[in-house]
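Read the structure below first, then the notes.
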Amino acid sequence: MKFKSLFLKELKQEKAWFMYIFPGFVILELLFLSLYKHYLWQCFALSMIFIVVIFFAVIFSASHSLVNEWKLHTSQFLFSLPVRGWHILLAKFAVHSIVFIVFSFIAFFTVYLIAKGQWGESVWIKSTGVVKIWLIYLFVGIPSMFIEVFPRITSNCFMRFRKLIASFVAIVLFIGFFNYLLPLGWKIFSFLPEATFTTSMSGQVFQGVPMPPDLLTIKTATSENFLPGLATWFLFAVLIFIGDCLLLEKGEEG
Amino acid sequence: MGLVLDLKNVTKKYPGVDALKDFSLSLDRGKIVGLLGPNGSGKTTLMKLIMGFIKPQKGEITVLDGVPNPMIREKIAYVSELDVLYPWMTVREILDFTSNFYRDWEKGKESELLQLLAIEQDKKIGTFSYGMRTRVRVMLALCRKPELVLLDDPFSGIDLVSRAKVQDALLKTYHYKEQSIVLATHIIDEAEPLFDEIVFIEKGQINLQGKADDLREKYSKNITDIYKEVFK
């Protein structure tokens, strides 16, 4: 009940995403779909850019939503409620995850439809491949919200030099993950099943020309099994989320 | 009758300021206590410590037989001195939202308090004046029946009419001997008749403490005049 109330409150607070941004976004994507036969690369590039923009916009919106609670003092009202830190954070992240899923799905679907309409499904882009990339995108993006907000919550536990502390924590997280945790996680999770992207153009018909057998095989994402990397990222995000919740309760004075 | 609040040798420092210094205070249940002191005396810090928003560097705090933590807030109603409500919510929405978190929420009190405090429930909080928004904040506390009510400067920056309405609502909804109210303020005139006990606080330390009637008798003055003398 408490979580549901917080979730609904967040949903109302973030209604701009659904009421104003969403219709505009859908209209733009429909515009790309209707114009790509005349302006192929422009439409294709812009819809690809949207995928990147959504990634950063939603992640920053999630942390901005929390920071705004402190700025507007509504945090004092929120924290005076008998709820734990994880209730508050999870409600915020849940709503932003929905935004992330809905918007990115439309963006990916648009790119897929343009590619399919222009080159046909079997050439280099397959629906199953797009779904796979989209799922990885979600798997990287949603945990990023927990991680992005961590330096801000940490800095709130201190009375001075908050921006400096937030920057320092962000750098430590970045270096710590990529230099130490990721290589370690890759070893630990090496038992996970093989998952790579291999897109082959062999035997396909590309722009009216049949490709000779075994002409080209592109391992698009990585030639290594990427699942250990994703698993490490996910575990890292879970640990950071626990840290977020504990520090949120400790550093409410902001 | 046990203690509602027990603070032992509490020290809270901010950079360059000692907000509370070796502060000790025990309050009995079922009383209305006035926490009086000028701006910057440590009243708000004390409230925040009781709520568990901040932690002391030193000392022990016991609230309703427990340590301040998020779950003990189910038994406490806190009215912040700050404008803490969501401006995009209507009064109806904030009432519905807040009521979901408390088992002691008295639905029947809502309409009575809306009328008493002259609040329109369909209006957005962001459209209200500061005085009206204060009334809404107080209303959220009074719609409940908590063991402890903490009111942090509810009379500050609001007009006479709002002050009178808040005071009236406080008196009408107070559960005598069951509830404890700690009212921090530096505006004493209107609030004086409410107090059972008074704690004068200055620079993070207790200056004077006692039952309101005893203080009046001892100094042969009303609380406002004692306040002026204590803080002159």
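The values are calculated or read from the model by the stated rules, or taken from the named source; none is laboratory data. Note that the coordinates shown come from a computational prediction; the quantities given were computed from them, not determined experimentally. Here Cβ is always computed from backbone atoms with ideal geometry, including for glycine, and neighbour counts include all displayed protein chains. Heads up: the accessible areas ignore ligands, DNA and RNA and are worked out on the full protein's heavy atoms, side chains in. Shrake-Rupley method; radii C 1.70, N 1.55, O 1.52, S 1.80 Å.
From the list A:Phe32, A:Phe18, A:Phe77, the lone residue that is over 21 Å from A:Ala166 (Cα atoms), open to solvent by less than 60 Å² (accessible area, probe 1.4 Å) and away from chain B (no Cβ under 11 Å) is A:Phe32. Within the option set B:Thr185, B:Thr173, being touching a Phe, Trp or Tyr at 6+ places or on another chain (Cβ under 7 Å) and surrounded by 16 or more Cβ atoms within 10 Å (Cβ to Cβ) holds for one residue only, B:Thr185. Cβ separations smaller than 6 Å between residues 6+ apart or across chains give the following pairs from the range A:18-37 residues that are without any contact (Cβ under 8 Å) to a residue 24 or more places away in the chain and on the phi < 0 side of the Ramachandran plot to residues that are assigned to a helix (DSSP H, G or I) and open to solvent by less than 70 Å² (accessible area, probe 1.4 Å): A:Leu35/A:Cys43.
Residues in the range B:42-82 that are away from chain A (no Cβ under 14 Å) and either over 27 Å from B:Asn100 (Cα atoms) or aliphatic (A, V, I, L, M) (or both): 6 in all. Among helices (runs of 4 or more DSSP H) entirely within the range B:38-145, having at least 1 residues that are in contact (Cβ under 8 Å) with a residue 60 or more places away in the chain singles out B:43-51, B:107-116, B:130-142.
Each row is one residue, and each column tells you yes or no for (1) of a type in the set (Val, Ile, Thr); (2) touching a helix residue (DSSP H, G or I) at 6+ places or on another chain (Cβ under 6 Å).
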site: B:Leu5; (1), (2): no, no
site: B:Asn9; (1), (2): no, no
site: B:Tyr14; (1), (2): no, no
site: B:Ser24; (1), (2): no, no
site: B:Ile32; (1), (2): yes, yes
site: B:Gly37; (1), (2): no, yes
site: B:Gly42; (1), (2): no, no
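Looking at B:Asn39, B:Asn9, just one residue is modelled with pLDDT under 90, open to solvent by 50 Å² or more (accessible area, probe 1.4 Å), over 20 Å from B:Cys143 (Cβ atoms) and away from every other protein chain (no Cβ under 14 Å), and that residue is B:Asn39. Answer with yes or no whether B:Val149 is within 14 Å of chain A (Cβ to nearest Cβ), within 25 Å of B:Val182 (Cβ to Cβ), of a type in the set (Val, Ile, Thr) and in a strand (DSSP E or B). For B:Val149, the condition - within 14 Å of chain A (Cβ to nearest Cβ), within 25 Å of B:Val182 (Cβ to Cβ), of a type in the set (Val, Ile, Thr) and in a strand (DSSP E or B) - is met. A:Phe100: within 14 Å of chain B (Cβ to nearest Cβ) and of a type in the set (Phe, Trp, Tyr), yes or no? For A:Phe100, the condition - within 14 Å of chain B (Cβ to nearest Cβ) and of a type in the set (Phe, Trp, Tyr) - is not met.
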